[in-house]
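A quick write-up on the structure given underneath.
Taken together, the values in this text are just the output of simple stated rules run on the coordinates, not laboratory data. These numbers were taken from a predicted model, which means no experiment stands behind them. In this analysis, Cβ positions are derived from the backbone assuming ideal geometry, glycine residues included, and neighbour counts consider all displayed protein chains.
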Ligand SMILES: Nc1ncnc2c1ncn2[C@@H]1O[C@H](COP(=O)(O)OP(=O)(O)OP(=O)(O)O)[C@@H](O)[C@H]1O
Ligand SMILES: [Mg+2]
């Protein structure tokens, strides 16, 4: 049985249905990429899994347990943790305070050991632990977001566009990190707009188009699929232009939906 299973999932907001008949599996030990354009429903899918967006039909199961009607903290406690889009850090709080927030489902006595293991994994965060999160670079902020998720001791991470706004070298570091976490037994479902970034480190991938799974397969097969690359590459290579365009599009989208998503204390920037 897969670690995470979605069967014919339908979900959305109020009367507006966003996801239709989405079925997807992630096996333990896999990195699975979910690729799709702006507004395709990638974040809605992750938020539906976490119980933040209500399931309208179908089923979600994690580790053999149906997740319908289970509250988000209980899902986190079961070992499924989201690293949200745009990182959603508490900007004026320190790095360490942000990390502590991630341990809200753990016992108090576990927190220092959990902090220590994040600092061992991210030495730069130990150096910056007393600094306000908003003063960090984009890459370091993404590390805080991932470390905060790891504070919950997850079996599986749902990562929402972890590469957004980061320079190619930093993107590579994040990719290497996700691969290293797999080596430690952490399974990942990684959302990306860019197929090449997403599939470079994934075992398998799914392509989502306007709320439906359009195609899926091994990373190798999808990377060999000219139509997928054409549609989700923004050109022949991952140049700085396409990255800038993505950030510009994302900023516009953020402005358009401001007030709907992040709270006032969160960092919404995607500084390079
Ligand atoms: N809180 C909300 N209320 C109503 N509609 C929403 C809400 N959030 C998202 N939507 C709509 O749901 C659809 C899918 O949005 P979603 O954010 O899931 O896409 P996405 O694939 O994550 O896009 P992006 O790449 O821009 O992050 C869009 O049409 C969007 O406008
Ligand atoms: Mg999104």
Highest to lowest packing among 29-35, 131-137, scored as the average C-beta count within 10 Å:
29-35, 131-137
Tell me, what is a quarter of the convex hull surface for the C-alpha atoms of the stretch 4-256, in nm² with one decimal?
13.0 nm²
Length gain on complete extension for the stretch residue 101 to residue 230, per 0.36 nm per residue less the alpha carbon to alpha carbon distance?
42.4 nm
Full-extension gain between residue 108 and residue 176, please, as 0.36 nm times their residue separation minus the C-alpha to C-alpha distance.
21.4 nm
Only residues of the stretch 185-199 count here: report those whose backbone N is under 14 Å from the spot 7 Å along Cα→Cβ of residue 37, or say none.
193-195
Please give the FRET efficiency for residue 221 paired with residue 72, using the beta carbon to beta carbon distance and R0 = 30 Å, rounded to the nearest 0.05.
0.30
Distance between modelled label sites at residue 1 and residue 23, nm, 7 Å Cα→Cβ extension:
1.7 nm
Gaussian network model of the chain, springs between alpha carbon atoms under 10 Å - residue of 139, 224, 211 with greatest fluctuation
224
Which residue, 103, 152, 221, tops the fluctuation ranking in a GNM of the chain built on C-alpha contacts under 10 Å?
221
Between the stretch 119-139 and the stretch 1-55, how many Å separate their Cα centres?
31 Å
What FRET efficiency comes out for the pair residue 131/residue 184, r = Cβ-Cβ distance, R0 = 25 Å, nearest 0.05?
0.40
Residue among 162, 54, 84 with the largest mean-square fluctuation in a Gaussian network model of the chain, springs linking Cα atoms under 10 Å:
54
With an 8 Å Cα cut-off and a minimum separation of 6 or more residues, compute the relative contact order for the chain in percent.
26 percent
